[in-house]
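Have a look at the structure below before the remarks.
The values are calculated or read from the model by the stated rules, or taken from the named source; none is laboratory data. On a predicted model such as this, the values are computed, not experimentally measured, just so you know. Glycine also receives a Cβ, built like all others from the backbone with ideal geometry; neighbour counts cover every protein chain displayed.
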Ligand code: SF4
């Protein structure tokens, strides 16, 4: 996607439709150097899909590194399908929402089995794959296949809520319905990929959550929130969810610079990830390590929960369990939650391993 060298005059912009204005703005100001935009050929849909799933949980700046690392190890959809689950999870380590990584692999396997190793070029068939919702399917359709399918991510919702004055919490079903209706009404037929990327970029770069730069916005003349001076009221703020606090009692065994980790079960938090032995209560911890001494506690936030991690030292080790002993530098080879890195860092600040 190359930007046009021709700058539109303001008279040109006034006569253009909502979608055309965004396409013109994208050509001149949008992002064109994101790693997944450099892909071409048959791997492009896979790269777009991977980036969309990663972007569901974090910012572009952080996704770039994860994306590059993932693609350098698993550059094609077929390689993802053939990869071991632990390998996929280790490439995902630190991003959270590990089921998304599992679903990526499952969907890739279905594509190999049923779609000749490619992502299908059809919205409904894409939506039938594990982990692909309507907006992700539409992003693949528009960004990879240049089809006029509208998307609906957080940035787009913010632009729509302000420009069209859509009331209601953005994720409420009645509000979502309005967003999708507007998205359908404002499809872009000529340059769908530019429009999709342009809408996302406009939300990320101009119509930002705080202090939007309306003077730089290509749709400022028709923006209803701006006209009525109510930008700060749109989109409606989400009601605060009371976060559940969970205590976890963790055992840190360190022998000759190596730490004992175990694979968690497929239930509870962090299923099938590597972590130090942990327990829901102190009594259970002392049952396996009567010599345990509390060393430090730290707080780790998940989306809807706050974990209080209480770390104990012990020399006793539960012989019934199969532990792996790893050096901190080897952690990257084992899928693990970010909390493990925090614990190890805290420990390293006090000791040298
Ligand atoms: S004019 Fe301002 S509030 Fe309206 S869409 Fe543009 S940046 Fe957002």
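Every listed requirement among (1) outside any loop (DSSP other than H, G, I, E, B); (2) modelled with pLDDT of 95 or more; (3) out of contact with any helix residue (DSSP H, G or I) (no Cβ under 9 Å at 6 or more places or on another chain) is met by residue 248 save one, (3).
Would you mind stating whether residue 344 is touching a helix residue (DSSP H, G or I) at 6+ places or on another chain (Cβ under 6 Å) and at pLDDT below 95? Considered against the rule, which asks whether it is touching a helix residue (DSSP H, G or I) at 6+ places or on another chain (Cβ under 6 Å) and at pLDDT below 95, residue 344 comes out as yes. Could you grab me the full set of residues in the range 153-165 that are within 14 Å of the ligand (Cβ to nearest atom) and within 16 Å of residue 135 (Cβ to Cβ)? 154, 155, 156, 157, 158, 159, 160, 161 - these are the residues of the range 153-165 that are within 14 Å of the ligand (Cβ to nearest atom) and within 16 Å of residue 135 (Cβ to Cβ). Within the range 184-203, the set of residues being more than 22 Å from the chain's Cα centre (by Cα), free of Cβ contacts under 8 Å to residues at least 60 places away in the same chain and buried (at least 16 other Cβ atoms within 10 Å of the Cβ) comprises 192 only.
Highlighted here are the helices (runs of 4 or more DSSP H) found entirely within the range 58-111 that include at least 3 residues which are within 11 Å of the chain's Cα centre (by Cα) and within 24 Å of residue 40 (Cα to Cα): 60-73.
Each residue in the range 305-346 was checked for being loosely packed, with under 14 Cβ neighbours inside 10 Å and free of Cβ contacts under 8 Å to residues at least 60 places away in the same chain, and 7 of them qualify. Condition check: within 16 Å of the ligand (Cβ to nearest atom) and assigned by TED's automatic domain parsing to the domain that holds residue 48. Does residue 209 satisfy that? Yes, satisfied. Within the range 228-245, the set of residues being over 23 Å from the mean Cα position of the chain (by Cα) and either closer than 27 Å to residue 325 by Cα or within 16 Å of the ligand (Cβ to nearest atom) (or both) comprises 228, 229, 230, 231, 232, 233, 234.
Criterion first (surrounded by fewer than 15 Cβ atoms within 10 Å (Cβ to Cβ), within 22 Å of the chain's Cα centre (by Cα) and more than 20 Å from residue 322 (Cβ to Cβ)) does residue 216 satisfy it? The answer is no for residue 216.
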